[in-house]
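To start, the structure itself, in structure tokens.
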Amino acid sequence: MSINRGKLILIEGLDRSGKSTQCDCLTAKLGANTVLVKFPDRTTPIGHQINAYLTSASDAKNDSLESMHLLFSANRWELASTIKAHLTAGRDVVLDRYVYSGIAYSYVASRASSTRQPLSLDWLQVPDLGLLKPDVFFFLNVSEEEQVRRAGFGEELYEKREFQRSVADIFHKILPKGDETFHLIDADKSLDEISSVIYETVAAAPQPGDFQYYIKIV
Ligand code: FDM
Ligand code: MG
């Protein structure tokens, strides 16, 4: 008898949207047979380079944006077979950020400097094509007022008001609003309300069939 494969669940959102808290909550609620994968995974050699990029104060960054974008994607690819193995073994996998963060943040970063070429959505999505497509996808939609009310941004490269505003705009342009796997969540609500909606939606989602892979993201 073959076991049912696990569900691949994605939670995306801006910084301070409560994303990591909700990922922890959902992972706990789904029980011991659940794996949480956070992107970027800063523990791998590629992840170390990403961490250095996000935390360094150097100004030469825009020159290396294409290579950084490819490294963020490579960081997903290096974990792709592990994620698939968990799902095949019947474990649910919760993803904290994935391809949409990849596209949205690089899109905005490439427009933050007037001295370089902006990157197109066509170019940005290509490295992630072929990755596993989540079975259930949540976007935590936090208002700017609520984002500001929560504790302040940290020190990292992209944690700035203007930048976050632009990332929110592009997220809303690229999210798969018509897709039945997609759920837009009002992230201004309380932690408990949000975690209940997320858990109930995952529990009610149909048992996934064959694996689906991205052939087009935006
Ligand atoms: N980020 C994250 C990217 O720029 N590209 C990506 O592919 C991913 C997964 O990294 F500013 C950005 C988003 C954020 C930063 O993420 C670190 P966390 O979730 O704040 O650690
Ligand atoms: Mg952050």
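The values are calculated or read from the model by the stated rules, or taken from the named source; none is laboratory data. Bear in mind that the values here come from a model prediction, so they are computed numbers and not experimental data. Note that each Cβ is placed from the backbone with ideal geometry, even for glycine, and that neighbours are counted across all protein chains shown.
For the range 64-100, the set of residues classified as near ligand 1 (Cβ under 9 Å from one of its atoms) and in contact with a Gly (Cβ under 8 Å, 6 or more places away or on another chain) consists of H69, F72, S73, N75, R76, listed by residue number.
Of everything in the range 28-38, what is closer than 13 Å to L8 by Cβ and within 16 Å of ligand 1 (Cβ to nearest atom)? Give them in sequence order.
L36, V37
If you check S166, S143, S195, which single one turns out to be over 30 Å from P206 (Cα atoms) and surrounded by 15 or more Cβ atoms within 10 Å (Cβ to Cβ)? After applying the criteria, what remains is S166.
Restricting the search to helices (runs of 4 or more DSSP H) fully inside the range 1-114 and requiring at least 1 residues that are closer than 21 Å to F138 by Cα, touching an Asp or Glu at 6+ places or on another chain (Cβ under 9 Å) and basic (K, R) gives 19-30, 65-88. In this structure, is V94 surrounded by 20 or more Cβ atoms within 10 Å (Cβ to Cβ) and closer than 30 Å to Y199 by Cα? Judged against the criteria, V94 is a match.
Just one residue in the set T181, T201 is touching a His at 6+ places or on another chain (Cβ under 9 Å) and of a type in the set (S, T, Y); that residue is T201. Within the range 103-115, identify whether any single residue is within 29 Å of Y199 (Cβ to Cβ), within 16 Å of ligand 2 (Cβ to nearest atom) and of a type in the set (A, V, I, L, M), and answer yes or no. Yes, the conditions are met somewhere in the range 103-115. Restricted to the range 15-56, and to residues there that are modelled with pLDDT of 95 or more and at positive phi, the residue that is surrounded by the most Cβ atoms within 10 Å (Cβ to Cβ) is G18. Scanning the range 121-178 for residues being of a type in the set (V, I, T), in a helix (DSSP H, G or I) and within 18 Å of the chain's Cα centre (by Cα) gives a total of 4. Would you call D179 exposed (fewer than 13 other Cβ atoms within 10 Å of the Cβ), of a type in the set (D, E), away from ligand 1 (no atom under 16 Å from the Cβ) and over 30 Å from P45 (Cβ atoms)? Yes. Can you confirm whether D188 is part of a helix (DSSP H, G or I), more than 20 Å from P40 (Cα to Cα) and free of Cβ contacts under 8 Å to residues at least 60 places away in the same chain? Judged against the criteria, D188 is not a match.
In this entry, Q117 is excluded by the filter for residues that are in contact (Cβ under 8 Å) with a residue 24 or more places away in the chain and of a type in the set (S, T, N, Q). Under the condition of being over 15 Å from the mean Cα position of the chain (by Cα) and of a type in the set (S, T, Y), which residue from the range 182-218 is nearest to F137 (Cα to Cα)? The selected residue is T201.
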